[in-house]
DNA sequence: ATGACTCCCAGTGGGAGA
C-alpha cells in the first residue's frame, strides 16, 4: 500500500499536474493541501475519472484539503473535533483498514504574531485528536504539510533560520510530542540523501540552489512502523513548469 | 535588504504563503 501527501498550492492551477503525477505514481491514498477551492468548485469528476474516490473540504482563497483513495473511504472527519476553526485544514478517513489523517498545519507567519498563537492552539487540538484516534485505530498515518522543520537537519541554513517560523522550539516541541505519542517519522526510518527538502521558496532560485526545508511529513503509528518499506520525497514535480512550491512525499507499507 | 515568486481576489494593488 502506498500513501502520499502533496501541498499543491491551488488545485485549480495544479489539477493537470496532479493527474499526470497520479498516472505515473498510482498510489492508494493521496492527501492534498492548499486546494484553495470552495466545495462547489472541487473537480471531483476529473479525479473520479482517473480511478479515485475523493473526499474534500475547502474554502475560498486559502487552505482546503482532500483525500483521494483507490478503495472506499469510511468514517470521514473534517477538521479537528473540539476546535471551532473557520479554516479548512484536516480531512481523515479509513482506507483498507488504515486510518489516514491529512492535515494542512497553520503557517504561523512569525513567532510574535497572532497567527502563531493560532498555530499553537491548533497543534494542541491536533494532539488531542490524535490521542483519541490512536485509541480507536491502531494503524494510523498522519501526513501533510506540517509547516514544521523538526530538526536542523531539515533546514538548508539552520543558522539563518534559528528561531524563525517553522524552526521555533515551540513548534519543534509539538512535533516531538507527537513522536512521544507513539508516532514515527517514516522518512527518518531510512538513510536519506543529505539536504532532503520538501519545500523550496519560489524566490531567489531556491530550488536550483537546493535551498529548502523539510516541512511535509508522514508519521505512522507504532504498530505500522514494521510495515514501512520506503519513504521518499519526489522532487520531479518541482521541476515542472508552474510547479507547486512543495514536492510530494510517498510512503510504502508492506 | 523593506526584495526576490506565485496565488488569490481584487480591480490597475495588496495579503499570505514559508
Highest mean packing first, using Cβ neighbours within 10 angstrom, the peptides A:186-194, A:125-133, A:93-101 sort as A:93-101, A:125-133, A:186-194
Residue separation between residue A:151 and residue A:195 times 0.36 nm, minus their alpha-carbon distance, gives in nm 14.6 nm
Using only the Cα atoms of region A:189-254, what do you get for the radius of gyration and for Dmax, in Å? 13.4, 42
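State whether region A:148-214 is rounded, prolate or oblate according to the following rule on the C-alpha gyration tensor (a ≥ b ≥ c being the square roots of its eigenvalues): a/c under 1.5 gives rounded; otherwise a/b larger than b/c gives prolate, and the remaining case gives oblate. Please list the in-between numbers first.
Values: a/c = 2.56, a/b = 1.44, b/c = 1.78.
It is oblate, given that a/c is not under 1.5 and a/b is not larger than b/c.
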Rounded to the nearest 500, what is the 222 nm mean residue ellipticity of chain A from helices alone, with -39500 (n - 2.57) per DSSP H run of 4+ residues and division by all residues? -7500 deg cm²/dmol
Shape of region A:55-210, Cα gyration tensor, a/c cut at 1.5: prolate
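Can you compute the FRET efficiency between residue A:176 and residue A:60 using 1/(1 + (r/R0)^6), with r the Cβ-Cβ distance and R0 = 45 Å? Round to the nearest 0.05. Provide the component values of the computation, followed by the final result.
Numbers: r = 35 Å, r/R0 = 0.77.
Computed FRET efficiency for residue A:176 and residue A:60: 0.85.
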Does region A:8-111 come out rounded, prolate or oblate, given a ≥ b ≥ c as the square roots of the eigenvalues of its C-alpha gyration tensor, rounded meaning a/c under 1.5 and, failing that, prolate meaning a/b above b/c? oblate
Please find, in a Gaussian network model of chain A (springs between Cα atoms separated by less than 10 Å), the residue of A:15, A:140, A:80 whose mean-square fluctuation is greatest. A:15
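Counting other beta carbons within 10 Å of each Cβ, put A:252, A:138 in order, fewest first. Don't skip to the end; give the middle numbers.
Values: A:252 17, A:138 13.
If I rank by nearby Cβ atoms, fewest first, I get A:138, A:252.
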Please give the contour-minus-distance gain from residue A:110 to residue A:230: 0.36 nm per residue of separation, less the Cα-Cα distance, rounded to one decimal in nm. 39.8 nm
Using the basic label-point model (7 angstrom from Cα toward the beta carbon), what is the residue A:209 to residue A:85 distance in nanometres? 3.3 nm
Using a Gaussian network model of chain A with C-alpha springs under 10 Å, which one of A:115, A:225, A:209 is most mobile by mean-square fluctuation? A:209
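Read-outs throughout are calculated quantities, based only on the coordinates presented, and are distinct from any laboratory measurement. Since this is a predicted model, take the numbers as computed values, not measurements. Cβ atoms come from the backbone with ideal geometry, glycine included; neighbour counts cover every protein chain shown.
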